[in-house]
Every structure is written in structure tokens, then in C-alpha cells.
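Report on the structure given below.
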Amino acid sequence: MENQTIHKLKELTEERKQLFEEYLQITRELTGLREEDVERITAGIGQREALAARIDVMTEECRAVCSTYGEEVGQQEGKLQAILQCGADFSLLREEEKELFLLCQSVNRLLAEIQDLNGLLHRNFQDIRKRLQESIRRNNTDSKFAGYLNQMNYGASKGVLYDSRK
């Protein structure tokens, strides 16, 4: 039973790893986009959200496997959770547990890289936002519509259209 549990956890962790690799690739692509790429930014963010939801489901499945196994054999759940979180003593693990531990470490490396890129992505999005806001300000001050909005007090209806000649 224990080997089946370890095997199931390896499968789930491998799937999570693939999802994290995909998430990382999308994040890398997003860090290089500019304000002209709004559609691609929106699509990338949506893809990341969908991947995160799938990863969360798989993480819950891992917890359920550990919990079910823990109920069957006693204290083992804590050991399996420690392996999944890379908190177990590697020297005390059996060979198949070591394989799972190493796989979990590779997932953690991906997580660290994603976390680093998220900081860069956040700064990139802030820069894009600033450039777009500046562009909006520039365009608003040049248009008749901006003058109309200013004269009409942003929504107060007076029934006349702003005209700069009056």
C-alpha cells in the first residue's frame, strides 16, 4: 500500500511540476510585453489563473492521498507531508521516498524562479500602467471631449456640447 501511495504522490507531483513549468513559461513571456500587447497580457493572466486553479486542485489531491494513507497506517501522514514540503530528513528516507523528495525539490526550484519573475512582472505592469495613464492624460487634454467633460462637470447635464470657439 505504501508503494502505491508514493507512486500516486509522484504522479501528482509530476503533473504539478508540468503545470508549474507552463506557468513559468507564460510568466516569462509576460515580463517582455509592452502596452501595445494588452490582449496578450490579458490572455496570459487568464492562462496563469487557470493553471493556478489546476495546481490547487492537484495540491489538494496530494493532501487527500496523504490523509487517507495516514488514517490507514497511523503517523505516516506527517512523514509524507514532510516529504512533499521538502522538510523530511533525506538520509532517513527509503529509495522511493527519496525520489519523491527530489521531485518535490525540483518543483520548489520552479516556485522560486516563478516568485523571482513575479517581482519583475509586477514592475513591468506598473511601468505599463504609468505609460498608459500618461498617454490617456495627454490625449484627454488635447481633445474637445475632455473640454466637454470639464465644462459639464463630468456628468452634469446642461444640454449643450462644449465648443472651444464659444
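Readers should treat all values here as calculations from the given coordinates under stated rules, not as data from a laboratory. A quick note: this is a predicted structure, and the numbers were derived from the prediction, not measured. Positions of Cβ are backbone-derived with ideal geometry, glycine not excepted, and every protein chain shown enters the neighbour counts.
For the reader, a short list of remarks on this structure follows.
- Descending semi-axes in whole angstrom, ellipsoid equivalent of the stretch 1-113, from the Cα gyration tensor: 34, 14, 9
- By the beta-carbon count within 10 Å of each Cβ, the least crowded to most crowded order of Ser67, Ser91, fewest first, is Ser91, Ser67.
- Stretchable slack from Lys130 to Ala53, in nm (0.36 nm times residue separation minus alpha-carbon distance): 24.7 nm
- Residues whose amide H falls under 5 Å from that of Cys86, counting only those 5 or more places apart or on a different chain, are absent, with hydrogens built in the peptide plane.
- Among 12-19, 25-32, the peptide with the highest mean count of other Cβ atoms within 10 Å heads the list, and the full ranking is 12-19, 25-32.
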